[in-house]
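Student: First the structure, then my questions, so here it is.
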Amino acid sequence: MKRTATAAALVGAGLGLASCASSPPTQFYSLSAVSAESAVPRSEAASEPARVRVAAVHIPPVLDRREIVRRGPGDRLQVSGEHRWGAPFDEMVQHVLTADLLERLPAGEVVMPSAPSPSGTDSIVVDLLQFQADAGGTLVLQGSWSLIAPEQETPALVRDFRYEDATSAQDYGAEAAAMSRLLGRLADDIAKEVVARH
């Protein structure tokens, strides 16, 4: 009886190892900066550089994970265990948006997220409502961003945004590239507002 149970356990363990060996490997993805066609020109009348820093990016709780999340039919979510982000999602968006602004604003006007802020640096805070694709491949970036002047609690301006792009419902790499493009469009609009304000 004991021998039979032991044999069954060994067979079960062998099947488990076989199934693990046949499972597809985990794929990791990242977002990347998108080059601007040209820098946003700063007015010659501007008295000082418009220094800004992407201080924070707030994301919905359902996106606060390494697995890539898509919206499914109805209220369902599709969470992929095989396709994951290579870094915390909010931090990745923050750093890519910073890199995008570096491409669009004059040199010296964008302060790195973790660097000490020079006097007069405005803070940009981004609040995302959604940033994911649906089952059909439609990608939506929606939320708002605020610009907060130094030593102020009330934002100097608040802007809502919504951008869409089409991507492959089967290709996670194409989805990541489309998400990068949408962040580039957000950076375009932020850069224009920053320059206009100064």
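Student: Suppose we filter region 106-147 for residues that are touching a helix residue (DSSP H, G or I) at 6+ places or on another chain (Cβ under 6 Å) and hydrophobic (A, V, I, L, M, F, W, C); how many remain?
Tutor: Qualifying residue count, region 106-147: 4.
Student: If you scan region 152-187, which residues turn out to be more than 18 Å from the chain's Cα centre (by Cα) and acidic (Asp, Glu)?
Tutor: Matches in region 152-187: 153 only.
Student: Consider residue 146 against the criteria (1) surrounded by 19 or more Cβ atoms within 10 Å (Cβ to Cβ); (2) polar (S, T, N, Q); (3) free of Cβ contacts under 8 Å to residues at least 60 places away in the same chain: it satisfies all of them except one. Which criterion is unmet?
Tutor: If we test residue 146 against (1) surrounded by 19 or more Cβ atoms within 10 Å (Cβ to Cβ); (2) polar (S, T, N, Q); (3) free of Cβ contacts under 8 Å to residues at least 60 places away in the same chain, just (1) comes out false.
Student: I would also like to ask the following. Yes or no: region 99-111 includes at least one residue that is aliphatic (A, V, I, L, M), under 16 Å from residue 194 (Cβ atoms) and in a strand (DSSP E or B).
Tutor: Checked region 99-111: at least one residue is aliphatic (A, V, I, L, M), under 16 Å from residue 194 (Cβ atoms) and in a strand (DSSP E or B).
Student: Follow-up. Would you be able to tell me the number of residues in region 87-101 that are in contact (Cβ under 8 Å) with a residue 60 or more places away in the chain and in contact with a strand residue (DSSP E or B) (Cβ under 8 Å, 6 or more places away or on another chain)?
Tutor: Final tally of qualifying residues: 4.
Student: Let me ask you something else. From 160, 189, grab the single residue that is in contact with a Phe, Trp or Tyr (Cβ under 9 Å, 6 or more places away or on another chain), surrounded by fewer than 17 Cβ atoms within 10 Å (Cβ to Cβ), more than 22 Å from residue 64 (Cβ to Cβ) and modelled with pLDDT of 90 or more.
Tutor: 189
Student: Another question, if that's okay. Checking residue 117 against (1) outside any loop (DSSP other than H, G, I, E, B); (2) out of contact with any Pro (no Cβ under 7 Å at 6 or more places or on another chain); (3) among the hydroxyl-bearing types (Ser, Thr, Tyr), only one condition comes out false. Which one?
Tutor: Going through the list (1) outside any loop (DSSP other than H, G, I, E, B); (2) out of contact with any Pro (no Cβ under 7 Å at 6 or more places or on another chain); (3) among the hydroxyl-bearing types (Ser, Thr, Tyr), residue 117 breaks only (1).
Student: Right, something else. Under 8 Å between Cβ atoms, which residue pairs at least 6 apart in sequence (or on different chains) link something in region 75-86 that is within 17 Å of residue 130 (Cα to Cα) with a partner that is charged (D, E, K, R) and outside any strand (DSSP E or B)?
Tutor: These pairs meet every condition: 79/65; 85/66.
Student: Sort through 132, 170, 94 and tell me the only one that's in a strand (DSSP E or B) and either more than 18 Å from residue 198 (Cα to Cα) or not hydroxyl-bearing (Ser, Thr, Tyr) (or both).
Tutor: 132
Student: With the checklist (1) under 13 Å from residue 197 (Cα atoms); (2) part of a loop (DSSP other than H, G, I, E, B); (3) of a type in the set (Val, Ile, Thr) in hand, flag the one item residue 158 doesn't pass.
Tutor: Unmet condition: (2).
Student: Considering 112, 179, 92, which residue is surrounded by fewer than 14 Cβ atoms within 10 Å (Cβ to Cβ) and either out of contact with any Cys (no Cβ under 8 Å at 6 or more places or on another chain) or farther than 17 Å from residue 52 by Cβ (or both)?
Tutor: 112
Student: Need the failing condition index for residue 103 against (1) over 20 Å from residue 165 (Cα atoms); (2) within 13 Å of the chain's Cα centre (by Cα), just the number.
Tutor: Looking at each condition in turn, residue 103 falls short on (2).
This table checks each residue for (1) at pLDDT 95 or above; (2) surrounded by 10 or more Cβ atoms within 10 Å (Cβ to Cβ); (3) among the aliphatic types (A, V, I, L, M).
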residue: 22; (1), (2), (3): no, no, no
residue: 31; (1), (2), (3): yes, yes, yes
residue: 37; (1), (2), (3): no, no, no
residue: 42; (1), (2), (3): no, yes, no
residue: 48; (1), (2), (3): no, no, no
residue: 53; (1), (2), (3): yes, yes, no
residue: 58; (1), (2), (3): yes, yes, no
residue: 66; (1), (2), (3): no, yes, no
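The values are calculated or read from the model by the stated rules, or taken from the named source; none is laboratory data. Model, not experiment: these values are computed from the prediction. Note: ideal-geometry Cβ built from the backbone for every residue, glycine included; neighbour counts use all protein chains shown.
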